[in-house]
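Asks: Just dropping this structure here.
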Amino acid sequence: MALTRENVAYIAHLARLAVSEREAADYVVKLSRILDLVDQLRQVDTAGIAPMAHPLPMAQRLRPDAVTETDRREDIQRNAPQAAEGLYLVPRVIE
Amino acid sequence: MSWEPVIGLEIHAQLATRSKIFSGAATAYGAPPNTQACLVDLGYPGVLPVLNAEAVRLAVRFGLAIGGTVAPRSIFARKNYFYPDLPKGYQISQYELPVVKGGSVEILLDDGSRKTVRLTRAHLEEDAGKSLHESFQGLSGIDLNRAGTPLLEIVSEPDMRSAKEAAAYMRRVHQLVRWIGICDGNMQEGSFRCDANVSVRRAGTDKLGTRTEIKNLNSFRFLERAILHEIDRQIEVIEDGGRIVQETRLYDPDRDETRSMRSKEEANDYRYFPDPDLLPLEIDAATLDAVRATLPELPDRRAARFVTLGIPAADAAQLTLERDTADYFEAVLAAAPAVEPRVAANWVNGDLAAALNDAGLGITASRVGAAALAALLLRVADNTISGKIAKDVFAAMWAGEGGADDIIAARGLRQITDSGALEAAIDKVIAASPNQLAEYRAGKDKLFGYFVGQVMKATGGKANPQQLNELLRRKLG
Amino acid sequence: MERQTIAALGRALRAREVSSRELASAALEHIARLDGALNSFITVTADQALTAADAADRRLARGEGGPLTGIPFAWKDIFCTRGVRTTCGSKMLANFVAPYDAAAVERLHAAGIVSIGKTNMDEFAMGSSNETSWFGPVHNPWDLERSPGGSSGGSAAAVAAGLISAASGTDTGGSIRQPAALVGITGFKPSYGRVSRYGMIAFASSLDQAGVLTLTAEDAALLIEAMAGFDDRDSTSANLPVPAYATDIGKSLAGRRIGVPPEFFEPGLDGECGARVREALAVLESLGAQVVEVSLPHLSLSVPTYYIVAPAEASSNLARFDGVRFGHRAEGATSLEDLYKKSRQEGFGPEVRRRLMTGTYVLSAGYFDAYYLQAQKARELIAADFRAAFAKVDVIAGPTAPTPAFRLGEKTDDPVQMYLNDIYTIAVNLAGLPGISVPCGFARGLPVGLQLIGPAFGESAVLNVAHQYQLATDWHSKAPPEAPLVAAVAAKGRSR
């Protein structure tokens, strides 16, 4: 399946990537090639086959409702690019 | 031309767990920013979610309480979108296979009739954090303490036809989640909030109109006002020849209006897929039975039982708004079998409710406990004091002056039931009121009340009203 | 330089013939001397290593400690290590210090292992050549112009060149087995769910599995025995007892049934590689194993299936890298959206971005059923093939990779060619099975790997066949010559 520049722009936006014009052109070619590869699946007859979401036929295990975590904010926020007063800072969120 | 509004609600009830839905961080409200956000809540690389058993149990409790179907197998999916309050870039929620399907609740309409509102589903999901817009120049601060808090999203069918019905439904669900102990219902803290899907159509048609979703409704009053406003807005748009755009709108309580939230519009390709970090949630019959065994008698059923005790339906409904109130009421009855249930109901719904309201207290923190109130009502029932005096005694009890009997004794409030003493008081009053006596005897019946009042005044209100009436009638002839 | 197995080092340590400090110092010295030619390490933690070695020596002196106490070890830089930079081969995490240890790290530390550093890898494990690393490609010690494979290329090259005796890896589509094959060492991936994924930076959650790159299957058995086991922090961790792998490997192969699928020997396979694998099968037969044909009719679906499932999961797993709480943040963003887009565009390399694009696309509105859901059904077909085959045989054997090591740069322009390199390894991940690659000879002077695959949680059978094969052959002890490495380091020094 061939992708268009519009497809690429839409996907890049969903994936939050700042794709340049040149890169977008490259994606049109390379992603289309990848899609050709995966399109092989479309021909496969999978009628009546249950989708396999997971390799293990297990059920979800449940955790007892106990507080096990303590405050590690100071330690953890060392990795934060920008924080103040315990908050992570981002450009103004407009709602 | 008349229009019919069609309304469905999505209610988010925070489940009353100690820890988060997928991590061991605390859910307590009001901690300093990000001190209750552990690595899982922050979406740190490499950490993984593990489901909280209590969140599941509470969801099952809800499913059973509304008569829904608890899914033997349900699936957690990822809802993918970027937002700073959503640390992983996806919200773990249930999509195709929710934990609860179907069920219904009944609402009481203004005309006294009942209406069934059907539920579509209820599913488990994690809450997001909070963006704070104050105090940082041009920046927003992100607090992720709330991220990962367990929510039950309760989705109704579009069964409501007015803002009033929507508010009644929201109240009903609020009552129920608190009643069965799955949510504290605290709306100021965001533990119970609601989005409303609103559309209008011409009366008599079946086809649904284009709907809008109003977010951020955290009080019954706001819900009702926002829906009323949105209905008016939609009708105006259509009548002016316009079209309703399917969109998310935000209710602004300060301006009492809804406005479009364009920022939420663009990214509605959520790319749901089953979360590979979580396995199917399986709930077996034994678990259902165990949860069912712990379900309390539900409010409807309890109210119906109260009606059989001779309590008017409206009073029974009020007694069952909260389980603690109903429990209190039944504790009063148990401690005072001689008291008429109707009388006890009036006290709980009346003086007690007013006192609690004035003091801003919940019934479990009442300054007059059920046993104490029962003791007071017994004194009315056995004619020790009158109902009127009982109100004073109650006030004294509320003020902490002691139990009913102590106060009655200390203040000498015991009713005068000695007819000799009462007759003497009546004679005195009659002797002092010759003019009134003459008028009464001349046919001015209304003056009977004057004599009652005078005797009551003379006895400090302690005369037994029935006895007084009887004696007075005889004496006045 | 002489390469030594963990089993031998452990014996020497416990006999006090050598100290852990001596081993750690030697590893650090090897890295300092030779890694300039390989680029197999991103971070070396010399001080922590020596401290841990001293602690191990004290335990050993008291007569305590087990088979792994005091053994130097390296971690693929995808495992979170507390207080140590954990980059995942990405600019995005170039300055990220993990505030916790991965479960696998905790377990091996508890067993007394001495961590020496973090090895180079394809960025976020997305790659089959180690060329997508932000820290530069890793070189194959058999030919420095060639790729060591990927994504665990740093671990593979370091072990092959003898810088260290063993290192961890992760395997999402062959990322342990393929590089092991390409550098001529042993690479073992246990069943999905056997080793906790807690603390392994996720690429594709339903496929990722930790394992080891070692000189022998015996070493792999020793390490996995310590690394494996139930972990309640990972919902997908299997609550099953861990067998005594190191004991189980000693069993005879008499009566073992080994299945060979013809689908593994179709035209894409290099002739010499195919010949080496057939020779290896003959050796197994000579050891008493019975070689029978089995069929995996849906094997050809595994590459397209994988390249839907893995990018889809990755596109979601990597959404957390947004420049807000950790990781790279672009300068001068004008809005929130700008911050996201620039930080991610700058922080991720081209192959990662390509897979995020692919994954986002296949999950996007209107395509979910045609791609993702269809891939999950194909995945079931592939897994069912294996289940049917394992009803007849104990182990399935075939090649690990279709060709020996390819040249750096040879496939970077064509992602599809690169993806097809994983054709024999990917199905194993889709089905969640254990697999191992062991050296089985050379093709044009480059190592060739034999792949052995077991049923779910049947690691013992895989390790047993691999170990018995290694007792009968010496391909696993063939080390690359050191001289070209020394020369390359010297040349680099001169050019500076």
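Asks: Does anyone have the angle between helix B:447-458 and the longest principal axis of chain B? Alpha-carbon axes, 0 to 90°, nearest 10?
Replies: 90 degrees
Asks: I would also like to ask the following. If Lys and Arg each add +1 and Asp and Glu each add -1, what is the summed charge of the other residues whose beta carbon sits under 15 Å from the beta carbon of C:Phe457? Kindly include the intermediate steps, with their values, before the conclusion.
Replies: Values: positive: C:Lys189, C:Arg194, C:Arg387; negative: C:Glu225, C:Asp248, C:Asp394, C:Glu459.
Around C:Phe457, the surrounding residues sum to -1.
Asks: Then there's this: Compute the signed sum of charges (Lys and Arg +1, Asp and Glu -1) over the other residues within less than 14 Å, Cβ to Cβ, of B:Ala354.
Replies: On the way: positive: B:Arg367, B:Lys391; negative: B:Asp351, B:Asp358.
For residues surrounding B:Ala354, the net value is 0.
Asks: Per-residue counts of other Cβ atoms within 10 Å, averaged by peptide: what ranking do you get for C:68-81, B:280-293, C:18-31, highest first?
Replies: Values: C:68-81: 27.9, B:280-293: 13.8, C:18-31: 20.0.
Per-residue Cβ counts within 10 Å, averaged per peptide and sorted highest first, yield C:68-81, C:18-31, B:280-293.
Asks: Across peptide B:24-37, what mean number of C-beta atoms from other chains lies inside 10 Å of a residue's C-beta?
Replies: On the way: counts 9, 5, 5, 2, 1, 0, 0, 1, 5, 6, 13, 6, 5, 8.
Average per residue, whole number: 5.
Asks: Can you compute 3J(HN,Hα) from phi for each residue in segment C:343-355, using the Karplus curve 6.51 cos²θ - 1.76 cosθ + 1.60 with θ = phi - 60°, rounded to whole Hz and x for Gly and Pro?
Replies: Result, ordered by residue: 4, 6, 4, 6, x, 9, x, x, 5, 4, 4, 4, 6 Hz.
Asks: While we're here: Quick check on chain C: take the gyration tensor over C-alpha atoms, sort the square-rooted eigenvalues as a ≥ b ≥ c, and tell me if it's rounded (a/c under 1.5), prolate or oblate.
Replies: Values: a/c = 1.37, a/b = 1.03, b/c = 1.33.
It is rounded, given that a/c, with a ≥ b ≥ c, falls under 1.5.
Asks: Let me ask something else. Along each of the three principal axes of the Cα atoms of the protein assembly as shown, give the extent in whole Å, ordering the values from largest to smallest.
Replies: Projected onto the principal axes, the Cα atoms of the protein assembly as shown cover 136, 78, 59 Å.
Asks: R0 = 30 Å: FRET efficiency of A:Glu74 with C:Ser335, Cβ-based, nearest 0.05?
Replies: 0.55
Asks: May I pose another question? To the nearest 20 debye, what is the magnitude of the charge dipole of chain C about its Cα centre, counting +1 on the Cβ of each Lys and Arg and -1 on the Cβ of each Asp and Glu? Before the final figure, lay out each step's value.
Replies: On the way: 46 positive and 51 negative charges, 127 e Å.
Dipole of chain C, to the nearest 20 debye: 600 debye.
Asks: Starting from the Cα of B:Arg243, step 7 Å along the direction of its Cβ; do the same at B:Lys446; then give the gap between the two resulting points in nm.
Replies: Modelled inter-label distance: 7.0 nm.
Asks: Based on the mean of other Cβ atoms within 10 Å per residue, sort peptides B:460-469, C:446-455 so the most packed one is first.
Replies: Values: B:460-469: 17.4, C:446-455: 27.5.
Ranked from most to least packed, the peptides come out as C:446-455, B:460-469.
Asks: What residues have an amide H closer than 5 Å to that of B:Thr120, excluding those fewer than 5 places away on the same chain, when H is modeled at 1.01 Å from N in the peptide plane?
Replies: Close amide H contacts, sequence-distant or interchain: B:Val155, B:Ser156, B:Glu157.
Asks: Moving on. Tally Lys and Arg at +1 and Asp and Glu at -1 over the other residues with C-beta under 15 Å from the C-beta of C:Ala289: what net charge comes out?
Replies: Working: positive: C:Lys251, C:Arg256, C:Arg257, C:Arg278, C:Lys392; negative: C:Glu279, C:Glu285, C:Glu293, C:Asp394.
Computed value for this residue: +1.
Asks: What is the packing order of peptides C:368-381, C:410-423, taking the mean over residues of other C-beta atoms within 10 Å and listing the highest first? Write down the numbers at each step before the final one.
Replies: Details: C:368-381: 21.4, C:410-423: 18.2.
Descending mean neighbour count gives C:368-381, C:410-423.
Asks: Of C:Ser477, B:Leu309, C:Leu430, which is farthest towards the positive pole of the protein assembly as shown's charge dipole, taken about the Cα centre with +1 and -1 on the beta-carbons of Lys, Arg and Asp, Glu respectively?
Replies: So the residue furthest toward the plus end is B:Leu309.
Asks: Turning to a different aspect of this structure: Taking θ as phi - 60°, what are the ³J(HN,Hα) couplings along segment C:318-325 by the Karplus curve (6.51, -1.76, 1.60), each to the nearest whole Hz, with x for Gly and Pro?
Replies: 3J(HN,Hα) across segment C:318-325, in whole Hz: 8, 5, 5, 8, 10, x, 9, 9.
Asks: Further question: Evaluate peptide C:164-177: per residue, the Cβ atoms of other protein chains within 10 Å of its Cβ; return the mean as an integer.
Replies: Working: counts 0, 0, 0, 0, 0, 0, 0, 0, 0, 0, 0, 0, 0, 0.
Rounded to a whole number, the mean comes out at 0.
Asks: Working from Cα positions, state the angle (0 to 90°, nearest 10) between the long axis of helix B:370-381 and the longest principal axis of chain B.
Replies: 30 degrees
Asks: Give me B:Ile154, B:Ile231 sorted ascending by neighbouring Cβ count inside 10 Å, so fewest comes first.
Replies: Working: B:Ile154 29, B:Ile231 20.
Lowest to highest Cβ neighbour count: B:Ile231, B:Ile154.
Asks: Also: So how far apart, in nm, are the two label points at B:Ser419 and A:Ala50 if each is 7 Å from Cα heading toward Cβ?
Replies: Between B:Ser419 and A:Ala50, the label points sit 8.6 nm apart.
Asks: Give a residue-ordered list of calculated ³J(HN,Hα) values for segment B:29-36 (Karplus: 6.51 cos²θ - 1.76 cosθ + 1.60, θ = phi - 60°; whole Hz; x for Gly, Pro).
Replies: Values, residue by residue: 7, x, 6, x, x, 6, 8, 10 Hz.
Asks: Starting from the Cα gyration tensor of segment C:331-427, take the square roots of the eigenvalues, sort them a ≥ b ≥ c, and report rounded, prolate or oblate (rounded when a/c is under 1.5, otherwise prolate if a/b is larger than b/c, else oblate).
Replies: Values: a/c = 3.37, a/b = 1.62, b/c = 2.08.
Because a/c hits 1.5 or more and a/b fails to exceed b/c, segment C:331-427 counts as oblate.
Asks: Further, regarding this structure: Return the long-range amide H neighbours of B:Gly181 (sequence gap of 5 or more, or a different chain), with a cut-off of under 5 Å between placed amide H atoms.
Replies: Distant-sequence amide H within range of B:Gly181: zero hits.
Asks: Among the aspartates and glutamates, which have Cα under 12 Å from the Cα of C:Lys341 when same-chain residues fewer than 8 positions away are ignored?
Replies: The reachable aspartates and glutamates, counting only those whose Cα sits under 12 Å from C:Lys341, are C:Asp322, C:Glu331.
Asks: Angle check, please: helix B:220-239 long axis (alpha carbons) against the longest principal axis of chain B (alpha carbons), in degrees 0 to 90, nearest 10.
Replies: 60 degrees
Asks: Then there is this: Considering every residue in C:426-433, what mean count of other chain Cβ atoms within 10 Å of its Cβ is obtained? Kindly include the intermediate steps, with their values, before the conclusion.
Replies: Working: counts 0, 0, 0, 1, 2, 2, 5, 1.
The per-residue average across the peptide is 1.
Asks: Further question: Report the FRET efficiency, 1/(1 + (r/R0)^6), for C:Asp413 and C:Glu145, where r is their Cβ-Cβ distance and R0 is 25 Å, rounded to 0.05. Before the final figure, lay out the partial values.
Replies: Details: r = 17 Å, r/R0 = 0.68.
The computed FRET efficiency comes out at 0.90.
Asks: If you average the C-alpha positions of segment B:120-178 and of segment B:308-345 separately, how far apart do those two centres end up, in angstrom?
Replies: 33 Å
Asks: Separate question: Once amide H atoms are placed 1.01 Å from N in the peptide plane, what residues at a sequence separation of 5 or more from B:Ala26, or on another chain, have their amide H within under 5 Å of its amide H?
Replies: Under 5 Å from the amide H of B:Ala26: A:Glu69.
Asks: Have a look at the DSSP beta bridges in segment B:3-288 and tell me what percent are antiparallel, nearest 5.
Replies: On the way: 55 of 58 bridges.
Of all bridge pairs located within segment B:3-288, approximately 95 percent are antiparallel.
Asks: Would you work out which of C:Gly458, C:Ala180, B:Thr258 lies farthest towards the positive end of the dipole of the protein assembly as shown? Charges go on Cβ: Lys and Arg +1, Asp and Glu -1.
Replies: Final value for the positive-end residue is B:Thr258.
Asks: Run the dipole for chain B about the Cα centre, Lys and Arg Cβ at +1, Asp and Glu Cβ at -1, nothing else charged, and hand back the magnitude in debye, nearest 20. Write down the numbers at each step before the final one.
Replies: Details: 57 positive and 63 negative charges, 229 e Å.
So the dipole magnitude of chain B works out to roughly 1100 debye.
Asks: Take the alpha carbon gyration tensor of segment B:3-288, find the square roots of its eigenvalues, order them as a ≥ b ≥ c, and report rounded if a/c is under 1.5; if not, report prolate when a/b exceeds b/c, else oblate.
Replies: Working: a/c = 1.73, a/b = 1.27, b/c = 1.37.
Oblate shape, in that a/c is at least 1.5 and b/c is the bigger or equal ratio.
Asks: State, as an integer percentage, the relative contact order of segment B:3-288 based on alpha-carbon contacts under 8 Å between residues 6 or more apart.
Replies: Values: 650 pairs, mean separation 71.5, N = 286.
Dividing the mean separation by the residue count of segment B:3-288 yields 25 percent.
Asks: Taking the Cα centre as origin and putting +1 on Lys and Arg beta-carbons and -1 on Asp and Glu beta-carbons, what dipole magnitude results for the protein assembly as shown, to the nearest 20 debye? Kindly include the intermediate steps, with their values, before the conclusion.
Replies: Numbers: 115 positive and 128 negative charges, 232 e Å.
In debye, rounded to 20, the protein assembly as shown gives about 1120.
Asks: So what is the relative contact order for chain B, in percent, with contacts set as C-alpha pairs under 8 Å and at least six apart?
Replies: On the way: 841 pairs, mean separation 65.8, N = 477.
Reported relative contact order: 14 percent.
Asks: Right, something else. Using only the Cα atoms, what convex hull volume per residue in Å³ does segment C:1-59 have?
Replies: Working: hull volume 5.1 nm³, N = 59.
So the per-residue Cα hull volume is 87 Å³.
Asks: Given the options B:Gly8, B:Tyr81, B:Ser93, identify the residue whose Cα lies farthest towards the positive end of the charge dipole of chain B (+1 on Cβ of Lys, Arg; -1 on Cβ of Asp, Glu).
Replies: B:Gly8
Asks: Let me ask something else. Once you put a point 7 Å from the Cα of C:Asp270 and another 7 Å from the Cα of B:Arg292, both along the Cβ direction, what distance in nm separates them?
Replies: According to this spin-label approximation, the distance is 6.5 nm.
Asks: Given the pairs B:Lys79/C:Lys377; C:Lys118/C:Lys251; B:Lys391/B:Lys475, which are separated by over 32 angstrom at their Cα positions?
Replies: Details: B:Lys79/C:Lys377 22 Å; C:Lys118/C:Lys251 35 Å; B:Lys391/B:Lys475 30 Å.
Cα-Cα > 32 Å for C:Lys118/C:Lys251; rest within.
None of the figures in this text is laboratory data; all of them are computed from the coordinates on show. All values derive from a computational prediction rather than experimental measurement. All Cβ positions, even for glycine, are placed from backbone atoms using ideal geometry, and neighbour counts span all protein chains on display.
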